[in-house]
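Q: Let me give you the structure first, and then I'll get to my questions.
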Amino acid sequence: MAVSEETPAVIELDNVELSLGRGAARVHILKGVSLAIPQGQATGLVGPSGSGKSTLLMTMAGLERPDSGMVRVAGQDLGALGEDALALFRGRHIGIVFQSFHLVPTMTARENVALPLELAGADDAFERAAAELRNVGLGERMDHYPAQLSGGEQQRVAIARAVAPDPAILVADEPTGNLDESTGRSIVDLIFALRRERGATLVLVTHDLSLAASCDRTVRLRAGRIETETGTEALAI
Ligand code: ADP
Ligand code: MG
């Protein structure tokens, strides 16, 4: 049974071409990528280093714009949005987790998590940030700055920040890449638990094939093209 036949795609890419860099350093990275990800699905994105995984993820998240082709997220054609509208759209619909956490170093954990809520206009941003931090096991670390937290704790803050606005889509780019194995496993468990709790669609870039296998589906990139897809029939939430 093909999930995509009955569940509407929340992320759709059609023939996406993307190059980055200038002049002689310009690199053609994504070469005609088409992909439909149904709502609620967990997709593992794998492939060799340099194959374009991060670029593809950032394109889905509206952080890179394709040269041609279409990217539609939650029914919205991202190419139709100007920069401000795109930033607003991202803040409301897409949570992003990076390998290197990307926390604001001059803000406490709680301020980092409150930031996207404030940008979305929430008047209870600080209360909600506290609840999100308790939910990821950091109730006692709220007023700490990133430099005062371990890598695993920083990634928990980043995850709390990503899910705080209740995005329909959660994308994570090698979220365990800077962590030791057991910390990495707890981070992955947390991402899957939150995603299940909130029914979010997850796209996870990973080197770890066992981790990819725990997704509903695996997409493999090679040299900017989708090489193989597996597991599209299994939507086990
Ligand atoms: P992956 O995440 O699979 O390792 P990336 O998406 O980061 O791959 O990069 C794909 C290719 O694009 C690599 O060859 C990389 O060097 C190149 N690349 C990435 N970003 C840029 C950039 N800003 N300018 C030029 N080339 C880039
Ligand atoms: Mg990458």
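Q: Which whole-number percentage describes the relative contact order of the range 1-159, with Cα contacts under 8 Å and a sequence gap of 6 or more?
A: The normalised contact order for the range 1-159 reaches 18 percent.
Q: Could you give the semi-axes, largest first, of the ellipsoid that matches the chain, computed as the square roots of 5 times the alpha carbon gyration tensor eigenvalues and rounded to whole Å?
A: Three semi-axes, in Å: 28, 20, 18.
Q: Have a look at the DSSP beta bridges in the chain and tell me what percent are antiparallel, nearest 5.
A: Expressed as a percentage, antiparallel bridges in the chain total about 55.
Q: While we're here: Select from the range 19-84 those trypsin sites (Lys or Arg not before Pro) which occupy a DSSP coil region and have at most 16 other Cβ atoms within 10 Å, ordered by residue number.
A: Those that pass, being in a loop and sparsely packed, are 22, 26.
Q: Let me spell out the model: positive unit charges on the Cβ of Lys and Arg, negative unit charges on the Cβ of Asp and Glu, origin at the Cα centre of the chain. What dipole size does that give, in debye rounded to 20?
A: Roughly 460 debye for the chain.
Q: Another question about this same structure. Kindly write out, for the range 206-220 in residue order, the coupling ³J(HN,Hα) from the Karplus curve 6.51 cos²θ - 1.76 cosθ + 1.60 (θ = phi - 60°), rounded to whole Hz, with x marking Gly and Pro.
A: 8, 8, 8, 5, 5, 5, 4, 5, 7, 7, 6, 7, 10, 10, 10
Q: Now for a separate question. Less than 17 Å from a label point 7 Å out along the Cα-to-Cβ axis of residue 140: which backbone N atoms in the range 161-186 qualify, by residue?
A: Zone members listed by number: none at all.
Q: Just the accessible area per residue of the chain, please: how many Å² with a 1.4 Å probe?
A: 46
Q: Separation between the residue 214 and residue 77 pseudo-spin-labels, each 7 Å from Cα along Cα→Cβ, expressed in nm?
A: My value for the distance between the label points is 3.9 nm.
Q: Further, regarding this structure: Considering only protein heavy atoms and a 1.4 Å probe, what is the carbon-and-sulfur percentage of the accessible area of the chain?
A: 48
Q: Now, a different point. Pull out a ≥ b ≥ c, the square roots of the eigenvalues of the alpha-carbon gyration tensor of the range 37-117, then state rounded if a/c is under 1.5, prolate if not and a/b is larger than b/c, and oblate in the remaining case.
A: Verdict is oblate for the range 37-117.
Q: In vacuo Debye scattering of the range 75-191, one point per C-alpha: log10 I(q)/I(0) at q = 0.09, 0.14, 0.18 Å⁻¹?
A: Treating every Cα as an identical point scatterer, log10 I(q)/I(0) equals -0.23, -0.56, -0.89.
Q: Give the longest segment of the chain that steers clear of GluC sites (Glu not before Pro) in DSSP loops with at most 15 neighbouring Cβ atoms within 10 Å, not counting the sites themselves.
A: My reading of the result: 1-139 is the longest stretch.
Q: Take every DSSP beta bridge whose two residues both sit in the range 121-237, then give the antiparallel share in percent to the nearest 5.
A: Within the range 121-237, antiparallel bridges account for around 50 percent of the total.
Q: Which value, in Å to one decimal place, does the Kirkwood hydrodynamic radius take for the range 153-193 when every pair of different Cα atoms is included?
A: Answer for the range 153-193: a Kirkwood hydrodynamic radius of 10.6 Å.
The values are calculated or read from the model by the stated rules, or taken from the named source; none is laboratory data. Every value quoted in this text rests on a predicted model; they were computed, and no experiment measured them. Using ideal geometry, Cβ is built from the backbone for each residue, glycine included, and neighbour counts are taken over all protein chains shown. Accessible surface areas use protein heavy atoms only, side chains included; no ligands, DNA or RNA. Shrake-Rupley method; radii C 1.70, N 1.55, O 1.52, S 1.80 Å.
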